[in-house]
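What follows is one structure encoded as structure tokens, with my remarks underneath.
The values are calculated or read from the model by the stated rules, or taken from the named source; none is laboratory data. The structure presented is a predicted model; accordingly, all values stated were derived computationally and were not measured. Note that each Cβ is placed from the backbone with ideal geometry, even for glycine, and that neighbours are counted across all protein chains shown.
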Amino acid sequence: MKKTLTMLLALLMAACLFAVPASAAEITLQLSEVHADGYPTSLADLEFARLVKERTNGRIEIEVFTGGTLYGAEPDAIIALQNGSLGFTRVSASPVGNFVPAINAIQMPYLYKNKAHMWAVLNGEIGQGILSEIEKAPNSGLVGLAYYDAGSRSFYLTKEVHTVADLAGLKIRMQDNKMMLRMVELLGAIGVSGIGPNEVYSNIVTKVIDGAENNWPTYQNMGDYEAAKYYILDQHTRVPEILLASQAVMDSLSAEDQALIREIAVEVQAYEIEQWELKEKSSEEIVRAAGTTVIELTDEARAEFEEKMLPLYDEFGADYKDIIDQIKALGADF
Ligand code: BDP
């Protein structure tokens, strides 16, 4: 009797499993991320998806694709947003600058005194104004939802570098942004674009490039520190991450859902920053313990890096001069 009951129960459960569709979501959207699972932005993407699902009672499901499995090159993910074939992508602000030039105003070299200065700008009137420029820019097809942290970027090379002169002729992978490419040109090096962040390591190993530039977590997480063993702490930029949505996909949602998505993306910022701080510390520890040569620049050498990059302010920042001046002025409080 007991056996029959157990069998009946098992049959009932199996029937239930078949009756309920795998996903009860009415709307399923995709999110593309270049970083691996566990990286701060990947964790933030998952948190974003979790909260959207929870607060729509499962109506909207966001599938997160990490590791660049959907789009390995951030510009491709941005184009997919524009044509509405992708819902969301978490990218660096850098490639967004090619689509919406106003974004360059918040990622000029040596713009911020420190992290607190950057956050005051990004979460204040200036940063929020620039974020909304993403959707206002003619035919951008993009919506900027929120900024996340990505620390500061420094060069890493297969060769010891202490001064600008040491960079002469080196081939350095840069993000897909004209201003960033011009930056290395001004330093006397050769900028190489069109290489996704997941391809930097192999391009160093095969000597296509002599190095790249990035923050501690990407340098460590992508394994690049094992190929380019000199990390030059010049900290030339603070380029935030941005969670972008497709304008076409947002337009297909109700006003309430759009508002909810915007709200959740902003809410997740604090979580990402928390995860970022942990990862930044642990990545630096891993890199240093691995015997990487971390080169601190002398004040004089650092000043030269800054001076060489100055023309970028005229070449890429002229239209945003007022904003950039305001950002610099705010630095006095930090
Ligand atoms: C990392 C960003 C990632 C960029 C990558 C890059 O998190 O979004 O794609 O840099 O250099 O810091 O391309």
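Entry remark, the range 91-115: residues being in contact with a strand residue (DSSP E or B) (Cβ under 9 Å, 6 or more places away or on another chain) and not hydroxyl-bearing (Ser, Thr, Tyr) number 11 in total.
Going through TYR201, TYR219 one at a time, which residue ends up being surrounded by fewer than 18 Cβ atoms within 10 Å (Cβ to Cβ) and of a type in the set (Phe, Trp, Tyr)?
Values: TYR219 fails: surrounded by fewer than 18 Cβ atoms within 10 Å (Cβ to Cβ).
Only one candidate passes the filter, namely TYR201.
Candidates ALA265, ALA329: the one that is under 18 Å from LEU131 (Cα atoms), of a type in the set (Gly, Ala, Ser) and part of a helix (DSSP H, G or I) is ALA265.
Of all residues assigned to the range 183-195, none qualifies as being in a loop (DSSP other than H, G, I, E, B), under 21 Å from the mean Cα position of the chain (by Cα), within 22 Å of SER283 (Cα to Cα) and within 11 Å of the ligand (Cβ to nearest atom).
Quick check: is even one residue across the range 140-155 over 18 Å from the mean Cα position of the chain (by Cα) and either free of Cβ contacts under 8 Å to residues at least 12 places away in the same chain or over 21 Å from ALA318 (Cβ atoms) (or both)? Walk me through it before giving the result.
Our first condition is that a residue be over 18 Å from the mean Cα position of the chain (by Cα); within the range 140-155, this holds for 140-141.
Those left that are additionally either free of Cβ contacts under 8 Å to residues at least 12 places away in the same chain or over 21 Å from ALA318 (Cβ atoms) (or both): 141.
Yes, the range 140-155 has at least one match.
Between LEU297, LEU243, LEU253, the distinction of being assigned by TED's automatic domain parsing to the domain that holds SER32, in contact with a strand residue (DSSP E or B) (Cβ under 6 Å, 6 or more places away or on another chain) and not in a helix (DSSP H, G or I) belongs to LEU243 only. Evaluating TRP119 against the criteria (1) buried (at least 23 other Cβ atoms within 10 Å of the Cβ); (2) within 17 Å of the chain's Cα centre (by Cα) leaves one unmet condition, (1). Among what's in the range 52-102 and is closer than 29 Å to HIS236 by Cβ, aliphatic (A, V, I, L, M) and assigned to a helix (DSSP H, G or I), pick the residue that is farthest from the ligand (Cβ to nearest atom). Only one residue tops the list, namely ALA102.
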